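To keep things clear, I will list the structure first and then write my remarks on it.
The values are calculated or read from the model by the stated rules, or taken from the named source; none is laboratory data. Just so you know, these numbers come straight off a predicted model, no measurement behind them. Don't worry about glycine lacking a Cβ; one is built from the backbone with ideal geometry, like all the others, and counts go over all protein chains shown. Quick note on the areas: whole protein, heavy atoms, side chains included, nothing else; ligands and nucleic acids left out. Shrake-Rupley method; radii C 1.70, N 1.55, O 1.52, S 1.80 Å.
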Amino acid sequence: MPDDDRRFVVIGGGLAGLASAVWLAEAGRDVTLLERRGQLGGRTHAMRADLVDDVPDNGQHVVASGYRNLWRYLTSVGTRQYIEFPKRSTLRWPDGRKTTVQTSGIGALRTLFGVHPDAGVLDRLRAARATIRLGVQALRQPADLADLTTEQWFERVGMPATAREALWDWLALGIAAEPVSRESARVFANVLATGIRLGLRHRVPVTIGYPTVDLGTLYISGAVKVFEERGVTVRYRTVARRIVIEDGAVTGVLLADGTTVPADAVICAVPNSAIGGLLDDLPEHAEIYAAADKLGYTPIVSTNLYLDRPLGTESAFEGLIGGTGIIDEVFDRQIMHGRRTDRAWLYCLTTSGAYEQIHKSNDEIVDEQLALLRRYYPAAVDAKVVQAQVVKMPKATFSQVVGTDALRPPQRTSVPSLALAGDWTATDWSATMESAVQSAARAVDLVLSTEG
Ligand SMILES: Cc1cc2nc3c(=O)[nH]c(=O)nc-3n(C[C@H](O)[C@H](O)[C@H](O)COP(=O)(O)OP(=O)(O)OC[C@H]3O[C@@H](n4cnc5c(N)ncnc54)[C@H](O)[C@@H]3O)c2cc1C
């Protein structure tokens, strides 16, 4: 056991808080985790669908092979084996055309350089040249990149429309949850640079994978086991109001019920939407609150559609291109999870940057998503919805539009026994699970390094 009997308190039971608490507990520390809801997981959690006796997620989450801190977390909680990296995916157009996209190996290069069925040789050569330019400029960024949208950057490097439609607009939307017309080119470039560096360091290109179990099994069950084994106290429905700092050191966390949890070190792992008030005692609080406000939010709408028949998908996830101009993705839970189909087939659709959808009723959203599927999959024409769930998240992630790239606060604060964590703090990634967990790794190092 370490020679450190300090009391560590973690505020927030999302991925950043879970990873912080797990790693502090692994280091043998006395840990209390405060979570305002009745369950852990924050923005990554499973739900019940009683009618079909199933456990879908609050929204489909994909991972990148470069999520090194996430792998460390999954290893700690014993669920690393539940991630699959498919070798291919499928892109579909409304007129029935489709193409198979290689997502790993040499075939992935072909994907990068243009897989659109309308792309001729010249288009593919242009896509290859523009891709190389993107890579070079991501690593050595032009001074004005922070003033550009990702769309303007694509135009500047000469990315052809076919390559944008079949890959790049989708990738950019996936990375920063904003349409390319709003997204900061700097944010996209930074993530590209992280991916390129990781790929070069480990000699394997970064690729995309998905969980083969629900998010509760993947992230929470294993963490709860660690907490039980290592004596971590988890306090549910406990709202932290202010981190009490006296004479430059943390002394406790004041709760909404007026009581105080004594603490010698705190990791504050709440999103930017919930930071207000918690840091009032920290000298630089006004600056952090202002950054949190300016970062703002982007909405995501997820729809879990249980249908009475299979759609005829070929890949675990397929991209639906064209028509609305937005690329939608369909995730087939039968292929992904090997789920039983005696009651229904589950297809998950997630719309990032859902500024229009977020204001619609659930029924409207279900109708729209079904109509979308009918345009792409003949089997959907007569399909009936057995159960549908719509999850609207107006504050799904902080926003990464032009002008936001320099706002994210570091994990280190001016009080050594207080560190910040959460996807919105400054990391190598955009608003992702890896960002949440990387911030936790840094926050844990910071509070542990102040021992004694
Ligand atoms: C629909 C959707 C799809 C996504 N898809 C992907 C994806 O494909 N790939 C990817 O990498 N990322 C994805 N993300 C982003 C990813 O889910 C988040 O970046 C990550 O989960 C954030 O974790 P966090 O711990 O920083 O914050 P959160 O998960 O928000 O956790 C914060 C926790 O703090 C608690 N809390 C807040 N205030 C207080 C308080 N005062 N006292 C006590 N507790 C408090 C909250 O209840 C919450 O549990 C997606 C997000 C959404 C919403």
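Counting only residues that are away from the ligand (no atom under 12 Å from the Cβ) and closer than 19 Å to LEU446 by Cβ, which one in segment 253-279 is most open to solvent (accessible area, probe 1.4 Å)?
Here is the first cut: in segment 253-279, the ones away from the ligand (no atom under 12 Å from the Cβ) are 258-260, 262-265.
Okay, now just the ones that are also closer than 19 Å to LEU446 by Cβ, so 263-265.
Working: ALA263: 1, ASP264: 46, ALA265: 1 Å².
Result: ASP264.
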Could you grab me the full set of residues in segment 367-396 that are within 24 Å of the chain's Cα centre (by Cα) and open to solvent by 20 Å² or more (accessible area, probe 1.4 Å)? ALA388, GLN389, VAL390, VAL391, LYS392, MET393, PRO394, LYS395
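Give segment 172-197 a look and list any residue that's among the aliphatic types (A, V, I, L, M) and surrounded by fewer than 19 Cβ atoms within 10 Å (Cβ to Cβ), or say none. Step through it out loud before you land on a result.
Step one: list which residues in segment 172-197 are among the aliphatic types (A, V, I, L, M), which gives 172-173, 175-177, 180, 185, 187, 189, 191-193, 196.
Matches in segment 172-197: ALA193, ILE196.
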Return the residue satisfying two criteria in turn: it lies in segment 69-104 and is part of a strand (DSSP E or B) and of a type in the set (Lys, Arg), and of such residues it is most open to solvent (accessible area, probe 1.4 Å). ARG88
Cross-chain or 6+ apart pairs with Cβ under 8 Å, segment 38-63 first and farther than 22 Å from PHE317 by Cβ and touching a residue at least 40 places away in the same chain (Cβ under 8 Å), then aliphatic (A, V, I, L, M) and away from the ligand (no atom under 13 Å from the Cβ): LEU40/VAL224; LEU51/VAL386
Taking the condition open to solvent by less than 20 Å² (accessible area, probe 1.4 Å) and among the β-branched types (Val, Ile, Thr), does THR44 pass? yes
Just a yes or no: is a residue in segment 309-319 within 30 Å of ASP50 (Cβ to Cβ) and part of a strand (DSSP E or B)? yes
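Restricting attention to segment 105-126, which residues are assigned to a loop (DSSP other than H, G, I, E, B) and small (Gly, Ala, Ser)?
Correct list: GLY105, GLY114, ALA119, GLY120.
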Of everything in segment 280-304, what is open to solvent by less than 10 Å² (accessible area, probe 1.4 Å) and in a loop (DSSP other than H, G, I, E, B)? Give them in sequence order. LEU282
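Is there a residue in segment 397-410 that is β-branched (Val, Ile, Thr), closer than 17 Å to ASN272 by Cβ and buried (at least 24 other Cβ atoms within 10 Å of the Cβ)?
Here is the first cut: in segment 397-410, the ones β-branched (Val, Ile, Thr) are 397, 401-402, 404.
Narrowing further to those that are closer than 17 Å to ASN272 by Cβ: 397, 401, 404.
If we keep only those that are buried (at least 24 other Cβ atoms within 10 Å of the Cβ) too, we end up with 397.
Within segment 397-410, one or more residues are β-branched (Val, Ile, Thr), closer than 17 Å to ASN272 by Cβ and buried (at least 24 other Cβ atoms within 10 Å of the Cβ).
Restricting to segment 235-252, and then to whatever is part of a strand (DSSP E or B) and under 30 Å from the mean Cα position of the chain (by Cα), can you tell me which residue is surrounded by the most Cβ atoms within 10 Å (Cβ to Cβ)?
Looking at the filtered set, the residue picked out is ILE243.
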